[in-house]
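One structure is given below, encoded as structure tokens.
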Amino acid sequence: MKHNAYIPKSNVHSHSTFSDGRNTPEEMIRAALALGFHTLGFSDHGHADYDDCSMSLAQEADYRAEIRRLREKYAEQIDVPLGYEHDWLSPANVDGYDYYIESVHYVRADGCCWSVDWTRQKLEDAMARHYGGDPYALCRDYFRTVCESIEGTGADILGHIELIMKFNEKRDLFDDSDPRYLESALACAELAARSGRLIEINTGAIARGYRTQPYPGEAMLRRIRECGGRVLLSSDCHDSGAIDCAFAGALELARACGFKTAWEFRGVTPVEYKL
Ligand SMILES: [Zn+2]
Ligand SMILES: [Zn+2]
């Protein structure tokens with residue numbers, strides 16, 4: 001059934017040239033205005049010394065100043081909350097931010113960090129090097145880290161909790177319907193739901209050409225819904241053309257998984273809307 005329902009004009013997971021985005025914050029705001037958005041929050045990558053895409057601490061100070069300047073400049077037209085995306089394995093510096101997103105992009109194994117989402121080759125290398133070629137052992141370790149982040153975080157939002165599927169839409173790295181995968185994925189979905197935090201339905205990999213569907217996928221989303229979890233659409237945009245990327249499809253997926261409502265930010269306040 002086709003819905004002509006409400007599509008939120010809000011996104012608080014956005015990257016700019018301060019981290020790994022292609023456009024300046026002002027270019028992003030102008031694009032959001034052209035879409036009729038009421039809220040565009042910024043969430044560039046907070047400092048992590050193992051991550052070249054993240055801001056240095058000095059850049060973070062410049063970033064906060066610039067987003068605050070733009071918030072004032074565009075105050076009549078759009079709300080611009082100031083957030084950042086924290087990587088779980090780095091120290092959290094939350095001072096001066098309106099909100100933040102907790103994300104796992106790296107997993108620790110054998111005394112070093114491997115990247116979940118940098119390239120497919122790096123993921124395959126990690127599988128061979130740290131997990132004896134067993135993708136399900138890698139997935140278990142990934143979800144164990146996500147669960148640890150959910151239990152330890154003070155963030156408002158849980159970012160892309162099934163990022164491990166970024167390079168696996170064709171199911172040629174592992175089978176996400178295999179019980180060896182589902183056991184840890186669904187336990188993670190349940191923990192996320194029961195945490196009460198907002199859980200992203202993240203379309204970021206679609207704009208960047210890695211996927212046609214958002215994550216988390218159907219199995220995790222159904223479990224989140226069964227456990228009373230709250231979901232939020234995020235485009236995780238890295239350029240001004242992707243601010244509302246695939247929102248309509250993400251809403252269809254949420255409905256198909258039984259959600260009756262979802263959440264959006266209006267300024268710094270999360271607000272519930274009907275699906
Ligand atoms: Zn991320
Ligand atoms: Zn992001």
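The values are calculated or read from the model by the stated rules, or taken from the named source; none is laboratory data. Predicted, not measured: the structure shown is a model, and the values here were computed from it. Neighbour counts are summed over all protein chains in view; Cβ atoms, including those assigned to glycine, are modelled from backbone coordinates with ideal geometry.
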- Note on the structure: Among the residues of region 162-201, the number that are within 13 Å of R140 (Cα to Cα) and among the polar types (S, T, N, Q) is 1
- Message: All but one of (1) surrounded by fewer than 20 Cβ atoms within 10 Å (Cβ to Cβ); (2) at pLDDT 95 or above hold for D95; state the number of the condition that does not hold.
- Response: (2)
- Message: Give all pairs with beta carbons closer than 6 Å in which a residue from region 47-58 that is without any contact (Cβ under 8 Å) to a residue 40 or more places away in the chain and assigned to a loop (DSSP other than H, G, I, E, B) meets a residue that is surrounded by fewer than 19 Cβ atoms within 10 Å (Cβ to Cβ) and among the acidic types (D, E); count only pairs at least 6 apart in sequence or on separate chains.
- Response: C53/D20
- Output for region 100-114, where each listed residue is more than 11 Å from ligand 1 (Cβ to nearest atom) and crowded, with 16+ Cβ neighbours inside 10 Å: Y100, V107, A109, C113, W114
- Message: Take the residues in region 99-153 that are touching a His at 6+ places or on another chain (Cβ under 9 Å) and aromatic (F, W, Y); name whichever of them is farthest from ligand 2 (Cβ to nearest atom).
- Response: W114
- Does region 120-135 contain any residue that is within 16 Å of ligand 1 (Cβ to nearest atom) and of a type in the set (D, E)? no
- Message: Can you tell me how many residues within region 59-96 are part of a loop (DSSP other than H, G, I, E, B), aromatic (F, W, Y) and within 16 Å of ligand 1 (Cβ to nearest atom)?
- Response: 1
- Note on the structure: Contact list, first residue from region 236-260 and under 26 Å from T17 (Cα atoms), second anywhere and assigned to a loop (DSSP other than H, G, I, E, B) and acidic (D, E), beta-carbon distance below 7 Å, six or more apart or interchain, is H238/D20
- Go through the residues of region 244-254 one by one and say whether even a single one is in a strand (DSSP E or B) and away from ligand 2 (no atom under 16 Å from the Cβ). no
- Of these, R129, R144, which one is closer than 24 Å to L232 by Cα and either out of contact with any Cys (no Cβ under 8 Å at 6 or more places or on another chain) or exposed (fewer than 15 other Cβ atoms within 10 Å of the Cβ) (or both)? R144
- Message: Just to verify a result, which residue in region 202-241, among those that are in a strand (DSSP E or B) and within 14 Å of ligand 2 (Cβ to nearest atom), is nearest to Y142 (Cα to Cα)?
- Response: Y215
- Does E162 qualify as being modelled with pLDDT of 95 or more, closer than 20 Å to D49 by Cα, within 16 Å of ligand 2 (Cβ to nearest atom) and in contact with a helix residue (DSSP H, G or I) (Cβ under 6 Å, 6 or more places away or on another chain)? no
- Query: So which residues in region 133-192 are within 15 Å of the chain's Cα centre (by Cα) and among the aliphatic types (A, V, I, L, M)?
  - Reply: V146, I150, A155, I157, L158, I161, L163, I164, M165, A189, A192
- So S115, is it among the small types (G, A, S) and touching a helix residue (DSSP H, G or I) at 6+ places or on another chain (Cβ under 6 Å): yes
- Message: For E60, only one of the following conditions fails: (1) within 16 Å of ligand 2 (Cβ to nearest atom); (2) out of contact with any Gly (no Cβ under 9 Å at 6 or more places or on another chain). What is its number?
- Response: (2)
- Query: Can you tell me which residues in region 76-90 are of a type in the set (F, W, Y) and out of contact with any Phe, Trp or Tyr (no Cβ under 7 Å at 6 or more places or on another chain)?
  - Reply: W88
